[in-house]
Amino acid sequence: MTIAQQFFTIGLVIGGTMLTRFLPFLLFPAGKPTPKYIQYLGKVLPSAVFGLLVIYCLRNVSLFSVSLWLPELIFIAIVIGLHCWKRQMLLSIAGGTVCYMLLVQYVF
């Protein structure tokens with residue numbers, strides 16, 4: 001990449017980051033009520049992300065060898081345990097994801 005292309009790319013990244021950070025405050029100011037569909041999305045999207053992560057992690061599970069399904073079984077148990085223990089969606093998602101990646105990269 002040339003210097004001009006690098007500056008242009010950095011500028012686009014900065015602009016995109018600023019847009020995603022500031023746009024919600026511009027669209028939904030503090031004095032106005034939040035639209036019902038945004039409140040609905042705030043309630044259903046965490047569960048949808050959680051379900052998507054589970055499907056993504058289990059999409060290639062093969063039951064023919066223990067090393068092919070054991071990491072998934074361990075991460076599912078950890079996610080369920082974390083969620084039953086703390087009842088925090090973010091902790092369950094992050095804990096399960098980190099556990100799964102560590103198991104796949106270093107153990108199996």
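The values are calculated or read from the model by the stated rules, or taken from the named source; none is laboratory data. Every value quoted in this text rests on a predicted model; they were computed, and no experiment measured them. FYI the Cβ positions are ideal-geometry reconstructions off the backbone, even for glycines, and counts take in every protein chain you see. What goes into the accessible areas is simple: the full protein's heavy atoms, side chains included, and nothing from ligands, DNA or RNA. Shrake-Rupley method; radii C 1.70, N 1.55, O 1.52, S 1.80 Å.
Remarks
- Count of the range 14-27 residues which are aliphatic (A, V, I, L, M) and loosely packed, with under 10 Cβ neighbours inside 10 Å: 1
- When the range 35-74 is filtered for residues that are more than 16 Å from Gly96 (Cβ to Cβ) and in contact with a helix residue (DSSP H, G or I) (Cβ under 8 Å, 6 or more places away or on another chain), the ones remaining, listed by number, are Ser62, Leu63.
- Meets criteria (in contact (Cβ under 8 Å) with a residue 24 or more places away in the chain and of a type outside the set (Ser, Thr, Tyr)) for Val61: no
- Of all residues in the range 56-99 being polar (S, T, N, Q) and closer than 24 Å to Gly42 by Cβ, the one that is most open to solvent (accessible area, probe 1.4 Å): Gln88
- Within the range 28-38, the set of residues being part of a helix (DSSP H, G or I) and surrounded by fewer than 11 Cβ atoms within 10 Å (Cβ to Cβ) comprises Lys36, Tyr37.
- Index of the failed condition, Ile10 passing every other in (1) within 29 Å of Val107 (Cβ to Cβ); (2) more than 17 Å from the chain's Cα centre (by Cα); (3) surrounded by fewer than 11 Cβ atoms within 10 Å (Cβ to Cβ): (1)
- Of all residue pairs spaced 6 or more apart or on separate chains, none has beta-carbon atoms under 7 Å together with a first member in the range 21-47 that is farther than 23 Å from Leu90 by Cβ and a second member that is β-branched (Val, Ile, Thr) and open to solvent by 90 Å² or more (accessible area, probe 1.4 Å).
- Of the residues Val54, Val49, the single one that is modelled with pLDDT of 85 or more, assigned to a helix (DSSP H, G or I) and out of contact with any Asp or Glu (no Cβ under 9 Å at 6 or more places or on another chain) is Val49.
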